[in-house]
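Engineer: Have a look at the structure that comes next, please.
The values are calculated or read from the model by the stated rules, or taken from the named source; none is laboratory data. None of the values given here were measured: they were computed from a predicted structure. Remember, those area values only see protein heavy atoms, side chains included, never the ligands or the DNA or RNA. Shrake-Rupley method; radii C 1.70, N 1.55, O 1.52, S 1.80 Å.
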Amino acid sequence: MGELRPKAWLDLERQLVELRMEKDYINWQEFLEICQNVAIFDEETATEASRFLHDLGAIIHHNDAEAKMSGLSDLIILNPQWLADVCRCIITAQESLVDNGVLDHELLPRVWKAFKPD
């Protein structure tokens, strides 16, 4: 708290909030392109900015070693409410779809039908 942050990071947040009106999530390459629009040109600074915005709750982005190994680090959630809705959809799935706490991958289209495709 109280630390100075580059103005570009705030400009990045503004652009991501605007993009949130169109998309719920983007991939890492799209994030880097947006970073370049606000004068963040190196990936290390982009990573720091994503961590800062994640800590603020403006985006959801996991970039630890496990996330990198699983591919999760390539996903930046622009709309945290969308993710909460996705989780709610899984948690409240009809009991008949869930067997011993496991939802079969083949049943996901039935669970996701409420969400628009990108």
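Engineer: Kindly write out, for region 21-30 in residue order, the coupling ³J(HN,Hα) from the Karplus curve 6.51 cos²θ - 1.76 cosθ + 1.60 (θ = phi - 60°), rounded to whole Hz, with x marking Gly and Pro.
Structural biologist: Calculated HN-Hα couplings, in order: 5, 9, 9, 8, 8, 9, 9, 4, 5, 5 Hz.
Engineer: If I compute solvent accessible area with a 1.4 Å probe over the protein chains, what percent of it on region 4-73 is carbon and sulfur?
Structural biologist: That fraction is 51 percent.
Engineer: If you don't mind, another one. Mind grabbing the accessible area of Phe52 for me, 1.4 Å probe, Å², rounded to tens?
Structural biologist: The accessible area comes out at roughly 40 Å².
Engineer: I've got another one for you. Which value, in Å² rounded to 10, gives the accessible area of Lys23 with a 1.4 Å probe and all protein chains present?
Structural biologist: 60
Engineer: Also: Using only protein heavy atoms and a 1.4 Å probe, report how much of Glu106 is accessible, in Å² to the nearest 10.
Structural biologist: Surface open to solvent at Glu106 totals about 150 Å².
Engineer: Using only the heavy atoms of the protein chains and a 1.4 Å probe, how would Glu48, Glu66 rank by accessible area, largest first?
Structural biologist: Ranked list, largest accessible area first: Glu66, Glu48.
Engineer: Tell me, what ³J(HN,Hα) does each residue in region 59-76 have, in order and in whole Hz, if you take phi through Karplus 6.51 cos²θ - 1.76 cosθ + 1.60 with θ = phi - 60° and put x for Gly and Pro?
Structural biologist: Values per residue, Gly and Pro as x: 9, 10, 8, 9, 9, 7, 4, 5, 5, 5, 5, 7, x, 5, 5, 7, 10, 10 Hz.
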